[in-house]
Amino acid sequence: MAFLLSTFAGISTMLGTIPIFFKKKSNQLLISSLGFAAGVMMTISFSDLLPHSYWMLEKTFVFFPTILIVSIFFCMGLLFSMKIDSYLPQESMHYGKLYHVGLISCIAIVLHNLPEGIITFLTSSTDFSLGVTLAIAIALHNIPEGISISIPIYYSTGSRKKAFFYTLLSGLSEPLGALLAFLFLSHFVTDWMMGLLYAIIAGIMVHISIYELLPESLSYQKKSTTFFSFLFGCFFMLLGHFLFQ
């Protein structure tokens, strides 16, 4: 059951592909989706990942070292994301910048979903009702993450298959995390290890939001649409935290 919950949470990412099956492409939808995804990622980083990183590390370290360690590994996440960014082709002859945005989002969400799968599996194994609540909360925020992959990939390539594949790849990383927890990690994963990982992932997501999603959304010269979509993404995630904390 714990594995099924992790799979449910991960596969919910595929709901983010629904907009690619609309008949007509729309710049308004593209701008809104990019802004919304940026708001979701920023909120996840500052209201979820960084606090969880602090709480997990605080069990091992005292206040000031904990803050310092979280900050260092957050910056490491930023630098890591920038390094990945530099190795990906900035401008593809066939697809261009938008494809790059979808690809870097996919990599970040795979890295994000792996530890989520581990946490969901371990939590569900010890407290099933808490695991159900956690899985629902994760499923809700996985939907806009799916949008951040599928919309840029589809709008840049015109291929629903590519968009579907990359989104599915990110979603399957969550049950993969659960499988790793079951086979290898359940007796080795510690709170401080997860704390460091969450800080790194927060840095990656902030980088993608600020340097990839928002600039691409703003490039279409509809700043008010980007702004309100970003705010709605923040509100959506904060509401989810309020309902399922």
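Give just the number: which of (1) within 30 Å of S129 (Cβ to Cβ); (2) crowded, with 22+ Cβ neighbours inside 10 Å; (3) modelled with pLDDT under 85 does S53 not satisfy?
Unmet for S53, out of (1) within 30 Å of S129 (Cβ to Cβ); (2) crowded, with 22+ Cβ neighbours inside 10 Å; (3) modelled with pLDDT under 85: (3).
Which of the residues spanning the range 141-165 are over 14 Å from I44 (Cβ atoms) and crowded, with 22+ Cβ neighbours inside 10 Å?
The initial filter retains those residues of the range 141-165 that are over 14 Å from I44 (Cβ atoms), namely 149-165.
Listed by number, the residues that qualify are I149, S150, I151, P152, I153, Y154, Y155, S156, A163.
Taking the range 114-140 only, how many residues are within 30 Å of F21 (Cβ to Cβ) and surrounded by fewer than 24 Cβ atoms within 10 Å (Cβ to Cβ)?
Residues flagged as within 30 Å of F21 (Cβ to Cβ) and surrounded by fewer than 24 Cβ atoms within 10 Å (Cβ to Cβ) within the range 114-140 amount to 7.
What are the residue pairs meeting all of these: first residue in the range 170-191, first residue in a helix (DSSP H, G or I), second residue at pLDDT below 85 and charged (D, E, K, R), Cβ atoms under 6 Å, and 6 or more apart or on different chains?
E174/E116; D191/K59
Would it be correct to say that M193 is crowded, with 22+ Cβ neighbours inside 10 Å, modelled with pLDDT under 85 and under 20 Å from E116 (Cβ atoms)?
On the way: crowded, with 22+ Cβ neighbours inside 10 Å: no; modelled with pLDDT under 85: yes; under 20 Å from E116 (Cβ atoms): yes.
For M193, the condition - crowded, with 22+ Cβ neighbours inside 10 Å, modelled with pLDDT under 85 and under 20 Å from E116 (Cβ atoms) - is not met.
Look through the range 1-32, keep the residues that are touching a Gly at 6+ places or on another chain (Cβ under 9 Å), of a type in the set (S, T, N, Q) and within 23 Å of S217 (Cβ to Cβ), and return whichever of them is surrounded by the fewest Cβ atoms within 10 Å (Cβ to Cβ).
T17
Each row is one residue, and each column tells you yes or no for (1) more than 13 Å from S105 (Cα to Cα); (2) touching a strand residue (DSSP E or B) at 6+ places or on another chain (Cβ under 9 Å); (3) of a type outside the set (G, A, S).
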position: G131; (1), (2), (3): yes, no, no
position: L134; (1), (2), (3): yes, no, yes
position: E145; (1), (2), (3): no, no, yes
position: L183; (1), (2), (3): yes, no, yes
position: T190; (1), (2), (3): yes, no, yes
position: I204; (1), (2), (3): no, no, yes
position: S219; (1), (2), (3): yes, no, no
position: G233; (1), (2), (3): yes, no, no
position: L238; (1), (2), (3): yes, no, yes
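The values are calculated or read from the model by the stated rules, or taken from the named source; none is laboratory data. Bear in mind the structure is a predicted one, so any value in this text is a computation, not a measurement. Counting neighbours? That spans all protein chains shown, and the Cβs are built from the backbone with ideal geometry, glycine included.
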